[in-house]
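Student: Got a structure here, written out as C-alpha cells. Questions coming.
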Amino acid sequence: MPTVSVLILSHNNASYIAEAIASAISQTHKPSQVLVIDDSTDDSPGIIESFEQSSGGLVKLMRVPQCNVSRARNIGLDAASGDFLSFLDADDIWLPTKLARQVELLDANPQAVGCYALYFDFVNTLDDRQRRVPRTGADDPDLEHVLFEQNLSSSTTLFRREVMGDLRFDENSPDAEDTIFAAELRLKGRWRLIDEPLIAKRIHPNQASTSSKHRLRNVAARLRWMKDRRDAIGAVAADAMIERQTQGLIGWMEGLYWNRDLASLKFVRPEVERICPEHYARSFISRTRLLPRWMYRLRDMVTGRRGA
C-alpha cells in the first residue's frame, strides 16, 4: 500500500492546529508520517507535542527558525519519506476520506503527477456555510488553467515524491508558491481531479490572501515564473499568458478607480507601474491625477453615476 507523508506548516495557529492534525491522523488511509514544521511564538508547539506523544511517533514536531512559507515547505519536503506527499494548512481540515480517494485515483492513473480535490469554506463549524463549493475545477487542467484558476492550493493536492525529484519551492518567492509548484509539476505530467469537496478551508481575519498586497505579490510571482520558464512553456503560449496576466492586473487597477476605492488605488498604482511599466503607461490611470474623495462624490452626483 502506498505510503503518504503529510506536511503541516504551523505559524501561530494555536487556535486551529489541533483540528488540522486530528483530521490528518484520522484519515481512512492512514499517513505514514505527519510532519509539523513549526516556527510559532504562541502555544502551538505544546499542542503539537501532545499529538507527538499520543500518536506513537506518527506525528513529529519539527521546530525551525522563523522563515517564509517556501522555506518551511522545503524543510518538510526534504524530511518526507512517503511515496505520496500532501500539504495541509494549519487552519484547514481534511474530510476523513481525502487521502484514500486521492491514493486510489493515483493508483489507477500511474501517468499522473498528482491529483487534487475540491474544497468548501467554513468559519467555525464545517456546515456553517452549507459546504458550498466556491470554485470548480478541471480534470487534467492545462498549464494556463493551473496558473490562472489557482485551484490547486496546497491543502487540496496529493503528488508523487518520485515525480517531484529535486523540485523545490523558490525560497525567494513566498507568494503564489503552491500555484507555481503545481505548474512545475504540470510541466512534468497530468493533474487529475476528484470532483468532490474533501477539504474544508477556514475563513478568518488573519488570512493574508485577502489583501491587495498579497494579490500584487501573487501576480508578480506568477509573471516572473512565466518569463523565467518561457522556453519550457513555449514562447507563444508563455507570451499569451503573460499578456493575459498583465491585462488582468491593469483591469483590476482601473476598476479600483471606477469603484472609487482611492485608498487601495494609491497603494496599488505605483506597484502596478513597477510590475508592468509598459502596460501601465498605456492605461489612463498613468495620466490621471487623483482628486480628494469628496470631489468624486460631487462629480458622481452631478453625472448620476453611483460612485462609492
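Student: Regarding segment 176-191, can at least one residue be identified that is under 15 Å from the mean Cα position of the chain (by Cα), at pLDDT below 95, small (Gly, Ala, Ser) and surrounded by 18 or more Cβ atoms within 10 Å (Cβ to Cβ)?
Tutor: Yes; the residues of segment 176-191 include at least one that is under 15 Å from the mean Cα position of the chain (by Cα), at pLDDT below 95, small (Gly, Ala, Ser) and surrounded by 18 or more Cβ atoms within 10 Å (Cβ to Cβ).
Student: Another question about this same structure. Return the pair list, or none, for Cβ contacts closer than 9 Å from residues in segment 255-268 that are under 12 Å from residue 293 (Cβ atoms) to residues that are small (Gly, Ala, Ser) and at pLDDT 95 or above, at least 6 apart or on different chains.
Tutor: 261/255
Student: Can we say residue 163 is assigned to a helix (DSSP H, G or I) and buried (at least 17 other Cβ atoms within 10 Å of the Cβ)?
Tutor: Numbers: assigned to a helix (DSSP H, G or I): yes; buried (at least 17 other Cβ atoms within 10 Å of the Cβ): no.
The answer is no for residue 163.
Student: Might you let me know whether segment 10-21 holds any residue that is under 28 Å from residue 127 (Cα atoms), aliphatic (A, V, I, L, M) and touching a residue at least 40 places away in the same chain (Cβ under 8 Å)? Explain how you work it out, then say what you get.
Tutor: Initial filter on segment 10-21 (under 28 Å from residue 127 (Cα atoms)): 10-21.
Cutting the leftovers down to aliphatic (A, V, I, L, M) gives us 14, 17-18, 20-21.
Right, trim to touching a residue at least 40 places away in the same chain (Cβ under 8 Å) and you get 17, 20.
Yes.
Student: Scan segment 48-61 and give yes if some residue there is part of a strand (DSSP E or B), open to solvent by less than 60 Å² (accessible area, probe 1.4 Å) and touching a helix residue (DSSP H, G or I) at 6+ places or on another chain (Cβ under 8 Å), otherwise no.
Tutor: Checking segment 48-61: at least one residue is part of a strand (DSSP E or B), open to solvent by less than 60 Å² (accessible area, probe 1.4 Å) and touching a helix residue (DSSP H, G or I) at 6+ places or on another chain (Cβ under 8 Å).
Student: I'm trying to understand the selection: among the residues of segment 62-81, which are touching a Pro at 6+ places or on another chain (Cβ under 7 Å) and outside any helix (DSSP H, G or I)?
Tutor: Passing the criteria: 63, 68.
Student: Next question, about the same structure. Small (Gly, Ala, Ser) and part of a strand (DSSP E or B), is that true of residue 221?
Tutor: no
Student: Still on this structure, please answer the following. Hey, could you check segment 128-152 for residues that are surrounded by fewer than 13 Cβ atoms within 10 Å (Cβ to Cβ) and within 14 Å of residue 201 (Cβ to Cβ) and say which is modelled with the lowest pLDDT?
Tutor: Filtering segment 128-152 for residues that are surrounded by fewer than 13 Cβ atoms within 10 Å (Cβ to Cβ) and within 14 Å of residue 201 (Cβ to Cβ), the one modelled with the lowest pLDDT comes out as 135.
The values are calculated or read from the model by the stated rules, or taken from the named source; none is laboratory data. Keep in mind that this is a model prediction, so the values were computed, not measured. Reconstructed Cβ throughout: ideal geometry from the backbone, glycine too, with neighbour counts over all protein chains shown. Surface areas here come from the heavy atoms of the whole protein model, side chains and all, with no ligands, DNA or RNA. Shrake-Rupley method; radii C 1.70, N 1.55, O 1.52, S 1.80 Å.
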